[in-house]
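Read through the structure below, which is laid out as structure tokens, and then see the notes.
The values are calculated or read from the model by the stated rules, or taken from the named source; none is laboratory data. What you see is a predicted model, and the numbers here were worked out from it, not measured in a lab. No Cβ is skipped: glycine too gets one built from the backbone with ideal geometry, and neighbour counts run over all protein chains shown.
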Amino acid sequence: MDYLEIETKYSVPNLKLSEFDNFMQKFKAKKVLEVAGYDTYYVHPTLEDRFIRDRTNQSERFITVKVKQHEKHNRIRTEIDIKKTSSVESLKTFFTESKIESNYIFGNESLYKSFSINLDEVLRLALNKGYTENFKIYKHCKIYWLEKVVIVWYKVFNKDIEEMEIFVEIEADPDYLWKTEEEAWQAITEMEKQCSGLKISSQMRKNKSLFELYRKNIV
């Protein structure tokens, strides 16, 4: 289950944030966060099953590589996030999954706790290896962490802050100690039923990720 992202996404064009907040009061959330910022997506001409995302919000920046695991849908993906304070092992895994052969200097293992990642340098390495910017969006998100799942409402804007779509996601909490992938899916399915008041259902699951929805075709 390490680095595995398991989630479902639903288009909810008429769901206001206040309505989502009111609905979520019935659950006991461990943590609630409202955040907004830009996501910039990068693609590689020969690596169709993966992309790199550079995310910046009010409090932090991190770069992610996501790799699709199923041909017919995008509900399960390998995901590796790195930020300035990430571990060396996470950075090495990021380079492996993004297919970047790097000469990045990692330093002595005894200094891992003080290791600092230069995210601009990581992005430069990706660009040098053939990744190019494909599109940029702005997201306003409200996130609720429950016992086993994370539920998110978010509104997507284009880079000029023109409104595009509204979504709800239910994700198996990556920090929960799942025994199997099936257990994670069961938690998502159970929460999906409890969220019928938001007018979402298994029939409404989106098969495409935001990346697939908004990706620009390159000729």
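Give just the number: which of (1) under 18 Å from the mean Cα position of the chain (by Cα); (2) among the aliphatic types (A, V, I, L, M); (3) under 19 Å from ALA172 (Cβ atoms) does VAL43 not satisfy?
It fails just one condition, (3).
Inside the stretch 142-163, can you point out the residues that are farther than 18 Å from ARG75 by Cα, touching a helix residue (DSSP H, G or I) at 6+ places or on another chain (Cβ under 9 Å) and surrounded by 14 or more Cβ atoms within 10 Å (Cβ to Cβ)?
Across the stretch 142-163, the qualifying residues are LYS142, TYR144, LEU146, LYS155, VAL156.
When the stretch 140-170 is examined, which residues are found to be among the acidic types (Asp, Glu) and in a strand (DSSP E or B)? Step through it out loud before you land on a result.
Taking the stretch 140-170 first, the residues among the acidic types (Asp, Glu) are 147, 160, 162-163, 165, 169.
Within the stretch 140-170, GLU163, GLU165, GLU169 qualify.
Filtering the stretch 134-170 down to residues that are of a type in the set (Lys, Arg) and within 19 Å of SER11 (Cα to Cα), which residue is nearest to the chain's Cα centre (by Cα)?
From the stretch 134-170, those of a type in the set (Lys, Arg) are 136, 139, 142, 148, 155, 159; that's our starting set.
From what's left, within 19 Å of SER11 (Cα to Cα): 139, 142, 155.
Details: LYS139: 12, LYS142: 14, LYS155: 14 Å.
Across the stretch 134-170, the extreme among qualifying residues is LYS139.
Only one of these conditions is not met by ILE200: (1) more than 26 Å from GLY37 (Cβ to Cβ); (2) surrounded by 16 or more Cβ atoms within 10 Å (Cβ to Cβ); (3) more than 19 Å from the chain's Cα centre (by Cα). Which number is it?
It is condition (1) that ILE200 fails.
Answer yes if at least one residue in the stretch 105-127 is loosely packed, with under 15 Cβ neighbours inside 10 Å, touching a helix residue (DSSP H, G or I) at 6+ places or on another chain (Cβ under 9 Å), at pLDDT below 95 and part of a helix (DSSP H, G or I), and no otherwise.
Checked the stretch 105-127: at least one residue is loosely packed, with under 15 Cβ neighbours inside 10 Å, touching a helix residue (DSSP H, G or I) at 6+ places or on another chain (Cβ under 9 Å), at pLDDT below 95 and part of a helix (DSSP H, G or I).
Give the number of residues within the stretch 25-80 that are surrounded by 13 or more Cβ atoms within 10 Å (Cβ to Cβ), touching a helix residue (DSSP H, G or I) at 6+ places or on another chain (Cβ under 9 Å) and of a type in the set (A, V, I, L, M).
7
Given the conditions (1) within 23 Å of PHE51 (Cα to Cα); (2) without any contact (Cβ under 8 Å) to a residue 12 or more places away in the chain, which single one is not true for LEU177?
Answer for LEU177: the failing condition is (1).
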